[in-house]
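S.K.: This is the structure, below, for whatever I ask next.
The values are calculated or read from the model by the stated rules, or taken from the named source; none is laboratory data. What you see is a predicted model, and the numbers here were worked out from it, not measured in a lab. A quick note on method: Cβ atoms are made from the backbone with ideal geometry, for glycine too, and the neighbour counts reach across all protein chains shown.
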Amino acid sequence: MIPSYQEFMRPFLEIAHQADGKEVRLRDVINQLADKFCLSEAEREETLPSGRQSILDNRVGWARTYLTKAGLLETTRRAHFVITARGISALQDPSVIIDNDYLKQFDEFVAFKQKTNESDTTSVDVESEKDITPDEALRAAYKKINDALAQDILDRTRKVTPAFFEDLLIELLVAMGYGGTGEGAAHALGKTGDNGVDGVIDQDPLGVDQIYIQAKRYAEGNNVSAGDIRDFYGALNLKRAQKGIFITTSDFTVSASETAQNLGTRIVLINGTELAKLMLRYNIGSRDEQVLHLKKIDEDFFEG
């Protein structure tokens, strides 16, 4: 029987700890966990309904995500991790069960869970609410998965190189319909650091209308200030531009948002949360794994 993702948490940490401070590869951890739990070949190869990922990979992946969000693991590069001092401390008492309840003592994990559980009044928390309909549970699970994925995308985006970040924004804006089509679309963000403007992209295929862009790859908590907005506004004036987009992987201070609203030139602000949602929506840094169609009875068909 394949263990739950929570049952994988402590063994995952133990394997990472055995590396003596060196990074471990996710695939190696998955193989070692399969051996540790004596999983058969059939269990190792059993897939989710989509057929695109094994149940083993999926559950170990969620264990890794939760351990990382709680600060017990740290991502070093794609699919590679190291155990942190907090993770080592968690292993000191062999009797301690490391699961979601244990991780709730860490503020970072609580904040992550709150983000993934935020929704409108019609949503439900599938972990705590049982008296719900199957379609409500499906929608709540869908939202939980997407929220976790959006946070992971944002974390990874904050760690990429400036050049990679620029290319990422090019792909996103072109996917959204800016910059026209064809080979010429990639010139969208061409002149980095040009008088306070990071780039310019055509709003239409002919380049009649242009939008100027400022992008800040900032860490969480390093928010864009009102001064940054005023500098961008000044750069737009030099260009005689009427529209600008300010993108950051962090957030905007209250005064920065107010400044953008009060300026005559239209400046659209996109913070890290909105950037991650756009990347998910347009499949930048993510891809569709499975499409589920939620069906219901066609009453008109039977009444006719």
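S.K.: How many of the residues in the range 228-253 are assigned to a helix (DSSP H, G or I) and closer than 22 Å to R158 by Cα? Steps first, please.
M.R.: In the first step, residues of the range 228-253 are kept if they are assigned to a helix (DSSP H, G or I); the result is 228-239.
Filter once more, keeping what is closer than 22 Å to R158 by Cα: 228-229, 232.
Final tally of qualifying residues: 3.
S.K.: In the range 74-101, which residues are in a loop (DSSP other than H, G, I, E, B) and of a type outside the set (G, A, S)?
M.R.: In the first step, residues of the range 74-101 are kept if they are in a loop (DSSP other than H, G, I, E, B); the result is 78-79, 84, 91-99.
Passing the criteria: R78, T84, L91, Q92, D93, P94, V96, I97, I98, D99.
S.K.: Test of understanding: among R287, R217, R240, which residue is surrounded by fewer than 12 Cβ atoms within 10 Å (Cβ to Cβ) and either at negative phi or touching a residue at least 24 places away in the same chain (Cβ under 8 Å) (or both)?
M.R.: On the way: R217 fails: surrounded by fewer than 12 Cβ atoms within 10 Å (Cβ to Cβ); R240 fails: either at negative phi or touching a residue at least 24 places away in the same chain (Cβ under 8 Å) (or both).
The unique qualifying residue is R287.
S.K.: So in the range 36-73, with the set limited to residues that are part of a loop (DSSP other than H, G, I, E, B) and aliphatic (A, V, I, L, M), which one is surrounded by the most Cβ atoms within 10 Å (Cβ to Cβ)? Explain how you work it out, then say what you get.
M.R.: Taking the range 36-73 as the starting set, the residues that turn out to be part of a loop (DSSP other than H, G, I, E, B) are 37-40, 46, 48-53, 70-72.
Filter once more, keeping what is aliphatic (A, V, I, L, M): 39, 48, 70, 72.
Numbers: L39: 17, L48: 13, A70: 26, L72: 29.
Within the range 36-73, the match that is surrounded by the most Cβ atoms within 10 Å (Cβ to Cβ) is L72.
S.K.: Next question. If I filter the range 39-56 for residues that are of a type outside the set (D, E), in the same structural domain as P94 (by TED's automatic domain parsing) and under 18 Å from L91 (Cβ atoms), do I get at least one hit?
M.R.: Residues of the range 39-56 of a type outside the set (D, E): 39-40, 42, 44, 47-56.
Subset that is in the same structural domain as P94 (by TED's automatic domain parsing): 39-40, 42, 44, 47-56.
Narrowing the set further to residues that are under 18 Å from L91 (Cβ atoms) leaves none.
Scanning the range 39-56, I find no residue that is of a type outside the set (D, E), in the same structural domain as P94 (by TED's automatic domain parsing) and under 18 Å from L91 (Cβ atoms), so the answer is no.
S.K.: Here's another thing I want to ask about it. Can we say D155 is at pLDDT 85 or above, under 30 Å from Q114 (Cα atoms), in a helix (DSSP H, G or I) and not assigned by TED's automatic domain parsing to the domain that holds L275? Step through it out loud before you land on a result.
M.R.: On the way: at pLDDT 85 or above: yes; under 30 Å from Q114 (Cα atoms): yes; in a helix (DSSP H, G or I): yes; not assigned by TED's automatic domain parsing to the domain that holds L275: yes.
Yes: the conditions hold for D155.
S.K.: Tell me which residues, restricted to the range 8-35, are free of Cβ contacts under 8 Å to residues at least 12 places away in the same chain and assigned to a loop (DSSP other than H, G, I, E, B).
M.R.: Listed by number, the residues that qualify are Q18, D20.
S.K.: Please go through the range 167-219 and give me each residue that is within 18 Å of G272 (Cβ to Cβ), modelled with pLDDT of 80 or more and either touching a Ser or Thr at 6+ places or on another chain (Cβ under 9 Å) or part of a strand (DSSP E or B) (or both), ordered by number.
M.R.: If the condition is that a residue be within 18 Å of G272 (Cβ to Cβ), modelled with pLDDT of 80 or more and either touching a Ser or Thr at 6+ places or on another chain (Cβ under 9 Å) or part of a strand (DSSP E or B) (or both), then L168, I213, Q214, A215, K216, R217, Y218, A219 are the ones that fit.
S.K.: When you scan the range 265-281, do you find a residue that is part of a loop (DSSP other than H, G, I, E, B), surrounded by 12 or more Cβ atoms within 10 Å (Cβ to Cβ) and assigned by TED's automatic domain parsing to the domain that holds E166, even just one?
M.R.: Here is the first cut: in the range 265-281, the residues part of a loop (DSSP other than H, G, I, E, B) are 265, 271.
Then keep just the ones that are surrounded by 12 or more Cβ atoms within 10 Å (Cβ to Cβ); that gives 265, 271.
Adding the requirement that they be assigned by TED's automatic domain parsing to the domain that holds E166 leaves 265, 271.
Yes, because at least one residue in the range 265-281 is part of a loop (DSSP other than H, G, I, E, B), surrounded by 12 or more Cβ atoms within 10 Å (Cβ to Cβ) and assigned by TED's automatic domain parsing to the domain that holds E166.
S.K.: Residues being within 25 Å of V160 (Cα to Cα) and of a type outside the set (S, T, Y): count how many of those fall in the range 232-255. Show your work before the answer.
M.R.: To start, the set of residues in the range 232-255 that are within 25 Å of V160 (Cα to Cα) comprises 232, 244-253.
Pick out the ones that are also of a type outside the set (S, T, Y) and you get 232, 244-247, 251-252.
Summing the residues that are within 25 Å of V160 (Cα to Cα) and of a type outside the set (S, T, Y) in the range 232-255 gives 7.
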